[in-house]
């Protein structure tokens, strides 16, 4: 009768306690491997810019769902964590700390320059990538290596705006701005460029964002008889300004900066919206790129409506560029991925081909001027090459 010989365990030489320890380590290793990569969204989910923030969050969630359907990123599933910064500085700093604690490897947002600026240094210290549509030149002036702009800066928009005014024959310009870093920066840049063309800035008037009644400021500006009124602030105030201009019988054309490009502008302005001019990169419906048209269709299928503005897509492009670059360098480690992003060249974005330079500035994206029609749709009117 042969002796009983138990089947040898691969952990037997280490004894029962050691075996349990090895099994625990194996389980921990498996759990670690299964941990998702966190994509953070810092955006105004509530407050006066809520539809912009919700559009950004929805675009990121859709892209992550599509990426996960392809097997994730470098073998790991992606997960989205959203933090509502209300488009304001103080909540933005709180969001930055929260998303850093959540171990997000990349942050999409925020929508406003002020909120992006408030979080920027926190992400920089934590070595976390941040891409934002904030257009304040201050965001890239310091050369923060973790920051990447996914929309053109105020300085570029100002040059285009001044040339548009010149070509339209506007000699006397009234400028209205709020006190935000974005709007004041854009207003200052436009004023400086307008003066270079030989035109006159009659006044640069300030409003309190969200205060609703702008007739005192507009009444004063009407008395100056400007050729055009330029507003550098956001769509919720811009729509009201356009409506109140009509109520006052102020016939000067209204030209708005890029933050006025939102579906809510037409709803707020009402019947006065017709003929409004807004300067920005092309609106979503005007994007001629097949990938953009496909994404817009997928977005509408997923959420039942169009994106609120082009900034939904510029933020989507920020994440798409990060994912594509990570796949190219086969790493999401900051020391590998960040330098690669600064060397990004000719990326085929939803919003056109673009590159990032050593300061994280987006290179590319030509501006257009478009009018807003009675139904809220846009028609490009300038430059002539873009209307063909």
Next item on the list: With the checklist (1) surrounded by fewer than 24 Cβ atoms within 10 Å (Cβ to Cβ); (2) closer than 27 Å to residue 241 by Cα; (3) modelled with pLDDT of 95 or more in hand, flag the one item residue 325 doesn't pass.
Entry: (2)
Margin query: For the stretch 80-109, which positions are out of contact with any strand residue (DSSP E or B) (no Cβ under 6 Å at 6 or more places or on another chain), buried (at least 24 other Cβ atoms within 10 Å of the Cβ) and not in a loop (DSSP other than H, G, I, E, B)?
Written below: 92, 96
Item checked: Single residue of 264, 246, 321, 297 found to be in a helix (DSSP H, G or I), out of contact with any strand residue (DSSP E or B) (no Cβ under 9 Å at 6 or more places or on another chain) and in the same structural domain as residue 130 (by TED's automatic domain parsing) -> 297
Item checked: In the stretch 172-193, the residues that are surrounded by fewer than 23 Cβ atoms within 10 Å (Cβ to Cβ) and under 25 Å from residue 385 (Cβ atoms) -> 193
Check: Out of (1) closer than 25 Å to residue 112 by Cβ; (2) surrounded by fewer than 17 Cβ atoms within 10 Å (Cβ to Cβ), the odd one out for residue 271 is which?
Finding: (1)
Check: Has the stretch 134-157 got at least one residue that is surrounded by 24 or more Cβ atoms within 10 Å (Cβ to Cβ), on the phi > 0 side of the Ramachandran plot and not in a strand (DSSP E or B)?
Finding: no
Check: Does the stretch 142-164 hold any residues that are farther than 17 Å from residue 366 by Cα and touching a residue at least 40 places away in the same chain (Cβ under 8 Å), and which are they?
Finding: 143, 144, 145, 146, 147, 148
Note to self: Which count do you get for residues in the stretch 227-239 that are surrounded by fewer than 24 Cβ atoms within 10 Å (Cβ to Cβ) and either assigned by TED's automatic domain parsing to the domain that holds residue 312 or touching a helix residue (DSSP H, G or I) at 6+ places or on another chain (Cβ under 6 Å) (or both)?
What the structure shows: 0
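The values are calculated or read from the model by the stated rules, or taken from the named source; none is laboratory data. Everything numeric in this text was worked out from a predicted model, so none of it was measured. Glycine gets a Cβ as well: all are built from the backbone with ideal geometry, and neighbour counts include every protein chain shown.
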